[in-house]
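Chemist: One structure is given below, represented as C-alpha cells, and several questions about it will come after.
The values are calculated or read from the model by the stated rules, or taken from the named source; none is laboratory data. It should be emphasised that the depicted structure is a prediction, and the values quoted were computed from it without experimental measurement. Here Cβ is always computed from backbone atoms with ideal geometry, including for glycine, and neighbour counts include all displayed protein chains. In case anyone asks, the SASA skips ligands and DNA or RNA and just uses the protein heavy atoms, side chains included. Shrake-Rupley method; radii C 1.70, N 1.55, O 1.52, S 1.80 Å.
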Amino acid sequence: MNVSTSPSPALERQRQDFYERIGRSNMTPLWLSLADLVTPEPRSACRPASWRFAEIRAAMLEAGGLITAKEAERRVLVLENPGLRGQSKITTSMYAGVQLVLPGEVAPAHRHTQSALRFVLEGSGAHTSVNGERTIMHEGDFVITPPMAWHDHGNESDEPIFWLDGLDIPVVQFLDASFAEMLDKDAQDLTRPDGDSDARYGANLLPVDHKGQGGTSPVFNYPYSRTRDALERLKRAEAWDPCHGLKMRYTNPITGNHAMATMGTFIQLLPKGFQTAAYRSTDATIFVPIEGKGRSIVGDDHIVDWEKRDVFVVPSWKRVRHEAHEDSVLFSFSDRPIQEALHLFREDRGNL
C-alpha cells in the first residue's frame with residue numbers, strides 16, 4: 001500500500017499563508033531553496049563558449065571608426081558567456097574583453113580596485129604605463145595592472161594593437177568593493193625608467209631593504225620571448241603531463257605564489273599530435289592559443305576548433321581534452337588563487 005507524502009490541500013494553504021506572512025518581514029524558508037544553494041557539484045549558467053579572433057578583429061576595427069579610445073575611455077568589446085548575457089561575465093567570476101588602440105591614440109589614465117591582466121594578441125611597439133613606469137608591449141606578452149595602480153595605454157607604432165583584457169570585475173562587484181578614479185590628464189608622468197621593475201625584481205635579485213607588500217607581482221610585464229624560450233628548454237626534458245602537456249604558471253618572484261592575488265595565469269605547450277587526458281577543475285578557465293592549431297572537447301560533446309588568438313571557455317567542473325594539430329602554446333587564466341586561498345579548489349585527473 002502506497003502512502004502519499006504530498007501535503008493535504010488544507011496544509012498546503014497553511015504553508016502558503018505562512019510563506020506570504022514571513023515574506024512581508026523579509027524572511028524566506030531555507031527548505032524551499034536549499035537544493036539550489038548547496039549543490040552536489042558545481043552548477044551555474046556558465047557554458048562552454050568560443051570566439052574567433054578574425055570576427056573579433058573585424059568588429060574592433062569597425063568600432064575604431066565609430067568611437068575614439070579617449071571617447072570610450074577603453075575601446076573594448078566584452079566577451080559575454082552565452083549563459084550569462086547582460087552581465088559582462090565570461091565566467092561567473094571573471095570578465096574578459098578585447099581592447100584596440102589605434103596608431104597615435106592614448107587610452108587615458110585611470111585606476112580602479114579591480115585587478116587587470118593584458119595578454120597581447122596582435123601588434124608590437126605600443127606601450128602601457130603602470131604607476132610611473134612604461135613597458136613596450138609585444139605579441140604574447142602578459143602584462144599586469146595591480147589594484148588601484150594608475151595606468152594608461154598608447155600606440156606610437158604604425159599598426160593597431162589588440163590585447164585580451166582579463167579582470168576580476170565580478171568578484172569585486174560581488175564583494176561591493178569597487179572604487180575608480182580618472183587622472184586629470186591623458187598620460188601619467190613617468191617617474192621610473194623602462195625596465196626598472198624587471199631589474200629590481202625579475203633577475204633573482206631584490207633591493208636589500210625590500211619589504212613585501214600586496215599580493216601582486218612587482219614585475220608587471222612577462223615578455224613572451226622569455227616565456228617561449230623557457231618552454232622550449234623544458235620541452236627537451238620531455239616531461240609531458242598527461243593532462244596538461246607542459247604547463248607552467250606565472251609567479252610573483254618574491255613569494256613564488258601566483259602573479260596576481262585573484263587571477264591565476266598559465267602558459268602551456270602542446271606538441272604536435274599530443275592529446276591530453278581528460279581533466280576537470282573547479283576554476284572555470286579562459287584559454288587563448290598564441291601559437292598553433294587544435295581542438296578541445298569540453299564536457300561530453302562541445303567541440304572547439306581553435307587557432308592562434310581565438311578565445312574559449314571551459315566552465316567549472318567540465319572535463320576538457322585538448323588535441324594539438326600543430327605545436328601549440330595556450331595562455332589561460334582563472335580564479336584559482338581565490339579558490340586555493342579559501343581551500344575550495346578541486347581537480348579531477350581522469351581518463352574518460
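Chemist: Among strands (runs of 3 or more DSSP E) lying entirely in region 174-291, which contain 2 or more residues that are farther than 26 Å from PRO42 by Cα and out of contact with any helix residue (DSSP H, G or I) (no Cβ under 6 Å at 6 or more places or on another chain)?
Modeler: Per the criteria, 180-182, 285-291.
Chemist: Look through region 116-126, keep the residues that are open to solvent by less than 20 Å² (accessible area, probe 1.4 Å) and in a strand (DSSP E or B), and return whichever of them is nearest to LEU167 (Cα to Cα).
Modeler: ALA116
Chemist: If you scan region 268-285, which residues turn out to be over 22 Å from TYR250 (Cβ atoms) and of a type in the set (Gly, Ala, Ser)?
Modeler: GLY273, ALA277, ALA278
Chemist: Test PRO242 against the stated conditions and say whether it is more than 18 Å from PRO289 (Cβ to Cβ) and either open to solvent by less than 60 Å² (accessible area, probe 1.4 Å) or among the small types (Gly, Ala, Ser) (or both).
Modeler: No: the conditions fail for PRO242.
Chemist: How many of the residues making up region 324-337 are surrounded by fewer than 22 Cβ atoms within 10 Å (Cβ to Cβ) and touching a Leu at 6+ places or on another chain (Cβ under 8 Å)?
Modeler: Qualifying residue count, region 324-337: 1.
Chemist: Say we look at region 195-225 and pick out the residues that are closer than 30 Å to ALA107 by Cα and acidic (Asp, Glu); which of these is most open to solvent (accessible area, probe 1.4 Å)?
Modeler: That would be ASP198.
Chemist: If you check THR113 against the conditions, is it out of contact with any Asp or Glu (no Cβ under 7 Å at 6 or more places or on another chain), open to solvent by 30 Å² or more (accessible area, probe 1.4 Å), closer than 30 Å to THR191 by Cβ and of a type in the set (Val, Ile, Thr)?
Modeler: So THR113 passes the test.
Chemist: Looking at region 67-109, which of the residues that are of a type in the set (D, E, K, R) and surrounded by 19 or more Cβ atoms within 10 Å (Cβ to Cβ) is farthest from ALA45 (Cα to Cα)?
Modeler: Restricting to residues being of a type in the set (D, E, K, R) and surrounded by 19 or more Cβ atoms within 10 Å (Cβ to Cβ), the top hit is GLU105.
Chemist: With the requirement that a residue be at positive phi and at pLDDT below 95, what does region 217-274 give you?
Modeler: Hits for region 217-274 are GLU238, GLY256.
Chemist: Looking only at region 20-60, count how many residues are more than 30 Å from LYS318 (Cα to Cα), open to solvent by 70 Å² or more (accessible area, probe 1.4 Å) and outside any loop (DSSP other than H, G, I, E, B).
Modeler: 2
Chemist: Next question, about the same structure. Check whether at least one residue in region 47-62 is touching a residue at least 24 places away in the same chain (Cβ under 8 Å), closer than 15 Å to ILE169 by Cβ and not basic (Lys, Arg), and report yes or no.
Modeler: No, every residue in region 47-62 fails to be touching a residue at least 24 places away in the same chain (Cβ under 8 Å), closer than 15 Å to ILE169 by Cβ and not basic (Lys, Arg).
Chemist: Let me ask something additional. If you check ARG249, ARG233, ARG228, ARG192, which single one turns out to be among the charged types (D, E, K, R) and open to solvent by less than 50 Å² (accessible area, probe 1.4 Å)?
Modeler: None of the other options fit; the residue is ARG228.
Chemist: Another question, if that's okay. Looking at ASP198, ASP158, ASP165 in this structure, which one is touching a residue at least 12 places away in the same chain (Cβ under 8 Å) and in contact with a strand residue (DSSP E or B) (Cβ under 6 Å, 6 or more places away or on another chain)?
Modeler: After applying the criteria, what remains is ASP165.
Chemist: May I ask you to verify whether THR285 is of a type in the set (Ser, Thr, Tyr), touching a residue at least 24 places away in the same chain (Cβ under 8 Å), open to solvent by less than 10 Å² (accessible area, probe 1.4 Å) and touching a strand residue (DSSP E or B) at 6+ places or on another chain (Cβ under 7 Å)?
Modeler: Criteria not met by THR285.
Chemist: Could I ask something else about it? All but one of (1) open to solvent by 20 Å² or more (accessible area, probe 1.4 Å); (2) touching a residue at least 40 places away in the same chain (Cβ under 8 Å); (3) out of contact with any Gly (no Cβ under 7 Å at 6 or more places or on another chain) hold for MET148; which doesn't?
Modeler: Result: MET148 fails condition (2) only.
Chemist: Can you confirm whether region 68-79 contains a residue that is in a loop (DSSP other than H, G, I, E, B), out of contact with any helix residue (DSSP H, G or I) (no Cβ under 8 Å at 6 or more places or on another chain), at pLDDT below 95 and among the acidic types (Asp, Glu)?
Modeler: yes
Chemist: Select from region 74-130 the residues that are without any contact (Cβ under 8 Å) to a residue 24 or more places away in the chain and over 14 Å from the mean Cα position of the chain (by Cα) and write down the one among them that is nearest to ALA49 (Cα to Cα).
Modeler: Among those residues, the one meeting the criterion is ARG85.
Chemist: Quick one: ASN351 ticks every box in (1) part of a loop (DSSP other than H, G, I, E, B); (2) more than 26 Å from GLU139 (Cβ to Cβ); (3) at pLDDT 95 or above except a single one, so which number is it?
Modeler: Here ASN351 meets the rest and fails (3).
Chemist: For residues that are assigned to a loop (DSSP other than H, G, I, E, B) and on the phi < 0 side of the Ramachandran plot, tally how many sit in region 296-343.
Modeler: Adding up the residues that qualify gives 13.
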